[in-house]
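The values are calculated or read from the model by the stated rules, or taken from the named source; none is laboratory data. It should be emphasised that the depicted structure is a prediction, and the values quoted were computed from it without experimental measurement. Glycine also receives a Cβ, built like all others from the backbone with ideal geometry; neighbour counts cover every protein chain displayed. Just so you know, the surface numbers come from the protein's heavy atoms only, side chains and all, with ligands and any DNA or RNA stripped out. Shrake-Rupley method; radii C 1.70, N 1.55, O 1.52, S 1.80 Å.
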Amino acid sequence: VVDVAVIYARRIKGKEDEKIRKLTLILLIGLAVFVSIPLLVDYCLQGSELRLHLRRIEDMKDYLSEGRILNITLLVPALLRKIQFPVQTAYRLTLILMNFCGTAIAYNCFKDIFRDGKIGLISSMLYNCMPYRLDVMYIKADYGECVAICLLPLVFWGMNKILVKEEECKRSKWV
């Protein structure tokens with residue numbers, strides 16, 4: 001986690017001074033930890049699709065033993081499984097990693113879309129704490145949809161890059 005934080009701190013670009021960069025990093029890490037609190041126990045919450053995805057992780061581990069990769073999104077939990085983590089722990093660690101990555105992706109995308117670090121931070125907080133995202137992750141336990149929701153800000157960012165030219169306006173109004 002510390003390595004990820006250091007790498008991420010280097011990636012925060014712009015004219016923000018060092019105090020704001022550190023505060024932003026601390027808030028983003030705090031946000032990722034906050035949305036990961038239900039995963040910091042020694043069991044999995046029984047979501048409606050949890051058993052299916054745990055079985056898929058086990059199958060992916062077996063495929064890795066054969067030298068095949070069928071589903072790239074299940075690679076991380078399958079690798080954790082290969083190094084003898086219990087399947088539920090591998091699943092929970094992957095979701096925690098997904099929360100950290102999703103927080104970083106959302107912040108960077110929204111910061112670039114709105115060209116303002118504060119709005120990017122607030123947008124990232126709202127996005128990561130939205131009830132639908134938390135419902136999919138903890139109640140429904142739909143792993144594939146969690147991955148999609150984690151990467152969705154990249155779609156917004158890409159649409160912004162396509163639809164709004166840099167020289168036309170300072171702020172993106174289409175969102």
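Using DSSP to call loops (not H, G, I, E or B), can you name the chymotrypsin sites (Phe, Trp or Tyr not before Pro) in region 68-138 whose Cβ has at most 11 other Cβ atoms within 10 angstrom? Can you show the working numbers first?
Details: sites: Tyr91, Phe100, Tyr107, Phe110, Phe114, Tyr127, Tyr132, Tyr138; in loops: none.
Sites meeting the loop and neighbour criteria: none at all.
Can you sort Arg81, Arg21 by solvent-accessible area, 1.4 Å probe, largest first? Numbers along the way, then the final one.
Numbers: Arg81 45, Arg21 70 Å².
Highest to lowest solvent-accessible surface, that is Arg21, Arg81.
Pairs to check: Lys19/Lys118; Lys22/Lys111; Lys111/Lys161; Lys61/Lys140. Give those whose C-alpha atoms are more than 21 Å from each other in this structure.
Working: Lys19/Lys118 13 Å; Lys22/Lys111 16 Å; Lys111/Lys161 13 Å; Lys61/Lys140 23 Å.
In this structure, Lys61/Lys140 exceed 21 Å between Cα atoms.
Hey, got a sec? Which chymotrypsin sites (Phe, Trp or Tyr not before Pro) in region 16-90 land in a DSSP loop and have at most 15 other Cβ atoms within 10 Å?
Answer by residue number: Tyr43.
Can you send over the carbon and sulfur percentage of the accessible area for region 22-175, probe radius 1.4 Å, protein chains only?
67 percent
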